[in-house]
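Read through the structure below, which is laid out as structure tokens, and then see the notes.
Read the figures in this text as sums done on the coordinates, not as results from a lab. The model shown is predicted, which means the values in this text are computed figures rather than measured ones. Neighbour counts run over all protein chains shown; Cβ positions are idealised from the backbone, glycine included.
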Amino acid sequence: MRVAVFSTKPYDRQYLSETNAAFGHELVFFEPRLDLSTAPLADGFPAVCVFVNDQLDRPLLTHLASTGTRLIALRCAGFNNVDLVAAAELGIEVVRVPAYSPHAVAEFTVALLLALDRRIPRAWARVRDNNFALDGLIGNDLYGKTIGVVGTGRIGGLVARCLKLGFGCRVLAFDQWQDPALVEIGIEYRPLDEVLTAADILTLHCPLTPETHHLVDAGAIERAQPGFLLINTSRGALIDAEALVDGLKSGKVGGVALDVYEQEADLFFEDLSNEIIQDDVFQRLLTFPNVLVTGHQAFLTAEALMAISETTLDNIAAFEAGGVLENRVVVQAVVGH
Ligand code: NAD
């Protein structure tokens with residue numbers, strides 16, 4: 001099948017091309033993000049392949065449909081960036097990669113937590129400057145701390161398990177669906193507000209939906225434990241970033257590690273080292289000594305890239321063959337990269 005592949009980086013091209021040897025699709029790689037200005041590149045392509053920050057709103061989907069696109073293949077699990085109602089009305093199928101390596105994201109989450117808590121980036125910056133002083137580098141044991149996990153699906157479940165069994169934390173969790181295997185190892189499901197208010201460390205693993213938008217807002221920060229740590233490797237808009245800045249300024253928030261950011265589409269995945277960043281909230285966040293930010297990197301392991309490529313190309317092959325679309329995204333689905 002002819003596929004226009006947008007937002008491609010060298011690693012996307014490498015893994016997709018290698019995996020495609022077994023599929024034989026005609027992949028045409030485009031570096032830019034898909035938007036109305038780049039959409040003409042996809043004219044005549046029956047399939048379009050996109051990533052997390054390509055915004056497939058109604059005008060864009062209308063353009064794609066008018067020039068022959070019938071399939072959107074997401075190279076990610078989340079689909080909050082696609083207007084599914086518009087896609088259905090325009091007769092465009094949407095497929096995704098529901099799971100590739102939950103371990104990649106779960107392990108990165110724990111890495112961020114440890115790096116934040118033990119001030120590892122600060123320590124390394126000092127050592128590189130021959131400064132071996134330890135003032136300001138005091139962390140906290142994870143052992144015995146109360147962790148709040150919001151969303152105990154594939155990734156949150158692994159994080160909860162690791163912190164409970166590996167580090168001896170008390171883990172409180174919130175999810176509409178309780179995983180009996182987690183209950184069995186002592187993970188305690190509680191109402192959301194109890195998780196938010198009791199946690200020394202809060203980590204977010206639920207999808208972004210209208211219900212979870214700004215789940216951590218000024219009110220939640222106000223009710224949380226003083227000095228709590230917040231980790232987000234899920235979706236940026238789960239947190240109200242302006243409220244977070246206020247919480248950091250007041251000291252109510254003890255530290256934050258983010259792999260995702262609400263306005264990340266304007267920033268992440270690009271080298272902006274020679275640019276003036278216009279996002280004042282993001283720039284303010286970067287000034288705090290107790291904030292750690294990575295650019296949506298949690299998924300980036302060799303295993304995950306391989307699995308993403310295989311499932312994406314398989315989804316496209318299934319569509320071409322007219323078979324059952326196992327990874328089809330339907331309008332009422334609530335699960336979510
Ligand atoms: P999943 O579908 O396996 O798990 C999500 C869980 O959240 C489910 O158990 C679901 O019941 C629960 N949930 C849904 N609505 C909720 C709500 N309102 N409150 C609490 N829980 C709720 O998904 P996953 O594979 O574990 O991925 C989790 C999130 O991680 C994704 O939604 C995505 O946003 C993010 N993600 C980020 C990266 C990255 O590179 N940073 C990579 C992959 C996934």
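About the Cα centre of segment 198-335, how large is the charge dipole given +1 on each Lys and Arg Cβ and -1 on each Asp and Glu Cβ? Please answer in debye to the nearest 20. Kindly include the intermediate steps, with their values, before the conclusion.
Numbers: 6 positive and 21 negative charges, 101 e Å.
That gives segment 198-335 a dipole magnitude of about 480 debye.
Could you pull out the chymotrypsin sites (Phe, Trp or Tyr not before Pro) across segment 154-209 that fall in loop regions by DSSP (anything but H, G, I, E, B) with no more than 14 other Cβ atoms inside 10 Å? Please report the intermediate quantities before stating the final value.
Details: sites: Phe167, Phe174, Trp177, Tyr189; in loops: Phe167, Trp177.
Hits after loop and neighbour filter: Trp177.
Any idea what the dipole of segment 207-246 comes to, in debye rounded to 20, about its Cα centre with Lys/Arg Cβ at +1 and Asp/Glu Cβ at -1?
On the way: 2 positive and 6 negative charges, 37 e Å.
The calculated dipole for segment 207-246 is roughly 180 debye.
Counting DSSP beta bridges with both partners in segment 102-293, what percentage is antiparallel, nearest 5?
Values: 0 of 24 bridges.
Taking every DSSP beta bridge within segment 102-293, about 0 percent pair in antiparallel fashion.
Could you give the radius of gyration (one decimal) and Dmax (whole number) of the Cα atoms in segment 142-287, in Å?
15.6, 51
All other residues with a Cβ under 13 Å from the Cβ of Ile120 taken together, and with Lys, Arg as +1 and Asp, Glu as -1, what is their net charge? Display every interim value, and only then the final one.
On the way: positive: Arg118, Arg119, Arg122, Arg126, Arg128; negative: Asp117.
Around Ile120, the charge tally is +4.
Placing one identical point scatterer on every Cα of segment 58-164 and ignoring solvent, what is log10 I(q)/I(0) from the Debye formula at q = 0.14, 0.20 Å⁻¹?
-0.75, -1.00
So if I place +1 on the C-beta of Lys and Arg and -1 on the C-beta of Asp and Glu, and nothing else carries charge, what would the dipole magnitude of the chain be about its Cα centre? I want it in debye, nearest 20.
Dipole magnitude for the chain comes out near 740 debye.
Along the charge dipole of the chain, Cβ charges K/R +1 and D/E -1, which of Val97, Cys206, Val324 sits furthest on the positive end?
Positive-most Cα among the choices belongs to Cys206.
Would you mind classifying segment 260-300 by shape? Square roots of the alpha carbon gyration tensor eigenvalues, ordered a ≥ b ≥ c; an a/c under 1.5 is rounded, otherwise it is prolate if a/b is larger than b/c and oblate if not. It would help to have the intermediate numbers written out before the result.
Numbers: a/c = 1.64, a/b = 1.09, b/c = 1.50.
Because a/c hits 1.5 or more and a/b fails to exceed b/c, segment 260-300 counts as oblate.
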